[in-house]
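Heads up, the thing below is written out as structure tokens.
Nothing in this text is a laboratory measurement; each read-out follows from the coordinates by a stated rule. Note that the structure is predicted; figures quoted are calculated from it, not measured. Every residue, glycine among them, receives a Cβ derived from its backbone with ideal geometry; neighbour counts consider all protein chains shown.
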Amino acid sequence: MTDELRYVYAVCRPLDAPLHADLTGVGGAPPRQLVHEGLVAVLSPVPERDFGREQLHAHLEDLDWLAATARAHQRVVAALTTLTCPLPLRLGTVFRDDSGVRAMLQDESERLRRILDRIDGHVEWGVKVWLGEESAAEAAAPQPSGAPESGRDYLRRRRAGNAAREESAARAEAFARQLHEDLARYASDARLHPPQSGPLTEAGSGRNILNSAYLVPRARSEEFLELVGRAEGTRPGLQVEVTGPWAAYSFTDDPEPDAPLNGTAGTAGTAGTAGTAGTAGAASQDTGEAS
Amino acid sequence: MSGAGDPFAQREIALVDLLDRLLAGGVVLAGDITLRIADVDLVRIDLKALISSVNAQVQAPWPDADEQSGLRELDERDERDEREAS
């Protein structure tokens with residue numbers, strides 16, 4: 001059919017079990033596998049009226065459409081994650097037809113295999129640290145009750161409040177840095193994402209201090225979560241939030257076989273810790289791979 | 001393969017976490033009609049404001065010296081206010 005395009009969710013190695021029969025993808029169609037030389041593209045047909053270049057760009061401005069598409073994309077990738085360690089594609093990767101997908105698998109074969117090797121046996125966990133601004137400031141400097149007696153009194157209180165906020169922010173950052181280092185040492189690889197902000201962020205959750213992702217061997221996930229759990233609740237005003245398990249969305253940059261490990265932390269590695277984490281994590285990867 | 005939990009059993013994922021990964025993560029392949037977030041003229045919804053990850057410039061997760069000096073300025077301004085008030 002000429003009016004149908006191919007939406008590709010993920011690439012993986014051949015599956016041992018079939019996809020769930022009730023699984024639906026973007027637009028409601030069931031996803032299927034396209035196999036080419038030992039690689040599988042998981043795709044479903046989508047109508048050109050929604051996924052042609054211009055239509056896709058127009059839809060992207062519609063948050064409801066974007067949310068529905070993102071959830072469908074994630075539904076398929078999550079289902080795959082129960083069967084294998086899929087390499088998820090960026091939202092909105094669309095091809096004209098099966099032969100276009102086959103050509104992509106052919107052309108990108110080496111890069112795809114390198115990334116699949118890296119994420120094999122792993123899942124991604126997201127960790128965020130939130131600083132509840134008011135509660136942290138109050139904990140650091142309890143406000144005197146009653147109205148300020150004078151202008152001078154008011155300003156003194158205000159200055160004490162600022163100092164307390166500054167101190168709690170510094171403590172939160174030190175905590176986040178330490179947590180990230182501990183988790184990254186445990187994980188096979190780590191990435192720092194920009195902190196979340198803006199209207200989609202849940203109201204009242206405070207300031208996002210850490211937003212990071214860890215590539216963890218499946219078999220060690222429980223221990224990883226225990227490690228996060230131990231950090232939770234140890235600091236007043238700080239919340240630690242875990243998301244996952246995710247497919248390895250944050251670890252899809254190309255691990256060039258000859259490049260030094262530090263180089264692979266390039267996507268989000270603004271802080272030096274991400275680079276060192278990658279190196280330290282690589283040593284522990286071998287032991288975790290046994291299962 | 002078990003022990004990591006069943007993704008089907010997860011509570012609904014927050015949209016911000018989902019978009020954090022689906023719009024900034026995932027491997028980018030040259031599809032015939034590959035969507036390029038950066039090329040899109042986002043008029044009606046300011047996605048760039050919604051999703052910080054899409055911003056080209058990645059912020060450091062902890063403030064650097066610049067922000068600290070900002071706090072110093074705030075403190076100096078307070079002292080000035082205090083002098084004026086008394």
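Local charge sum around A:Glu226 (other residues, Cβ-Cβ under 14 Å, Lys/Arg +1, Asp/Glu -1)? Computed value for this residue: -2. With r defined as the distance between the Cβ atoms of A:Glu167 and A:Ala67 and R0 fixed at 35 Å, what FRET efficiency is calculated, to the nearest 0.05? My answer for the efficiency is 0.35. Which residues in the range A:48-90 place their backbone N less than 17 Å from a point set 7 Å from the Cα of B:Val28 along the Cα-to-Cβ direction? Taking a point 7 Å out along Cα→Cβ of B:Val28, the residues of the range A:48-90 whose backbone N falls under 17 Å are A:57, A:88-90. Quick one: net charge of A:Tyr214's neighbours, Cβ under 11 Å, K/R +1, D/E -1? Here the charged neighbours net out to 0.
Just checking the output field for A:82-90: average partner chain Cβ neighbours within 10 Å of each residue's Cβ? It would help to have the intermediate numbers written out before the result.
Values: counts 7, 1, 1, 1, 0, 2, 5, 8, 14.
Averaged over the peptide's residues, the number is 4.
Remark: the A:Asp98-A:Gln178 segment gains 24.0 nm on full extension, using 0.36 nm per residue and subtracting the alpha carbon distance.
Per-residue mean of other chain beta-carbon atoms within 10 angstrom of the beta-carbon, peptide A:62-73?
Values: counts 2, 6, 1, 0, 9, 3, 0, 1, 7, 5, 0, 4.
What the average comes to for A:62-73 is 3.
Put the Cα centre of the range A:22-55 next to the Cα centre of the range A:169-213 and the gap is 34 Å. The 3J(HN,Hα) values that the Karplus relation (6.51, -1.76, 1.60; θ = phi - 60°) gives for the range A:56-70 are, in residue order, 5, 5, 5, 5, 5, 7, 9, 4, 5, 5, 4, 5, 5, 5, 4 Hz. Gly and Pro appear as x. Per residue, the convex hull spanned by the alpha carbons of the range A:4-119 comes to 99 Å³. Please say if the range A:57-108 is rounded, prolate or oblate, where rounded means a/c under 1.5 for a ≥ b ≥ c the square roots of the C-alpha gyration tensor eigenvalues, and otherwise the choice is prolate for a/b larger than b/c and oblate otherwise? It comes out oblate by the Cα gyration axes. A simple rule links phi to the HN-Hα coupling: the Karplus curve 6.51 cos²θ - 1.76 cosθ + 1.60 with θ = phi - 60°, which for the range A:151-159 gives x, 5, 4, 4, 5, 4, 5, 5, 5 Hz, with x for Gly and Pro.
Considering Cα pairs under 8 angstrom that are at least six residues apart, work out the relative contact order of the range A:4-119 and quote it in whole percent.
Details: 171 pairs, mean separation 45.0, N = 116.
Dividing the mean separation by the residue count of the range A:4-119 yields 39 percent.
Per-residue extension of 0.36 nm, minus the Cα-Cα distance of A:Ser197 and A:Gln239, leaves a gain of 13.6 nm for this segment. Remark: B:Glu12, A:Glu108 ranked as B:Glu12, A:Glu108, counting other beta-carbon atoms within 10 Å and listing the fewest first.
From the square roots a ≥ b ≥ c of the eigenvalues of the alpha-carbon gyration tensor of the range A:83-222, which class results: rounded (a/c under 1.5), prolate (a/b over b/c), or oblate?
Note, shape of the range A:83-222 comes out prolate.
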